[in-house]
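Read the structure below first, then the notes.
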Amino acid sequence: MSDKKLGRNQKDTNDDMIHLVDNLNRDDDVKYNRRAFLKSAVGASVALGVATLPISIKAMLNNGQEDSAKVEIAKLSDVKRGNAINFNYPTAEEPAILVHTKDGELKAYNNKCTHLQCPVFYESEQDVLLCPCHKGYFDVKSGHPIAGPPQRELPLIEVKVINDTVYAVGRKIRHG
Ligand code: FES
């Protein structure tokens, strides 16, 4: 065994070599972790796309129509201009409102306020739909929010008049 004396920078050089190897390993770790992350992200995106495919196809086939049951609402002669009545559509648990506007149009919406689900009423003086909970206002002709906290429109129910009877015949999907 030789007791060779270390050169002036011998210790530093050994330390540098160790650090260099550490750094190389760390670079590899980062590279492999990034690659693994990208692979998982792509895999998750593909899985999500495949999982939601039936929903997308259904929406395309329905052409924006969410429900299409035909339900009798009332006799047209029982809903005078400037008046409204409540009904349920498309199920008995989903409250709705039919408005016969002052200028003679029939408009129907599910009437749970899109803010916090309070019932919405027809306010004939101003010809608007009003949610009294936080003073949310909706346009009676479109169901779009026009004042107050609501940000989304009311679900639109399509109506048809057959022999003086008003029917609900469909509900449109209007936002995602
Ligand atoms: S619940 Fe209708 S405005 Fe708040």
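Throughout, read-outs are computed from the coordinates displayed, never taken from laboratory work. Not measured: the values here are computed from a predicted model. As a convention, Cβ positions derive from the backbone with ideal geometry for all residues, glycine included, and neighbour counts pool all protein chains shown.
Points worth noting:
- Qualifying residue in the range 133-141 (condition: within 13 Å of the ligand (Cβ to nearest atom) and among the β-branched types (Val, Ile, Thr)): no
- Search result, residues across the range 130-160 that are aliphatic (A, V, I, L, M), under 18 Å from Asn86 (Cβ atoms) and out of contact with any Asp or Glu (no Cβ under 7 Å at 6 or more places or on another chain): Leu154, Leu156, Ile157, Val159
- Residue in the range 88-100 that is of a type in the set (D, E, K, R), surrounded by 14 or more Cβ atoms within 10 Å (Cβ to Cβ) and either within 12 Å of the ligand (Cβ to nearest atom) or under 15 Å from Lys70 (Cα atoms) (or both) present: yes
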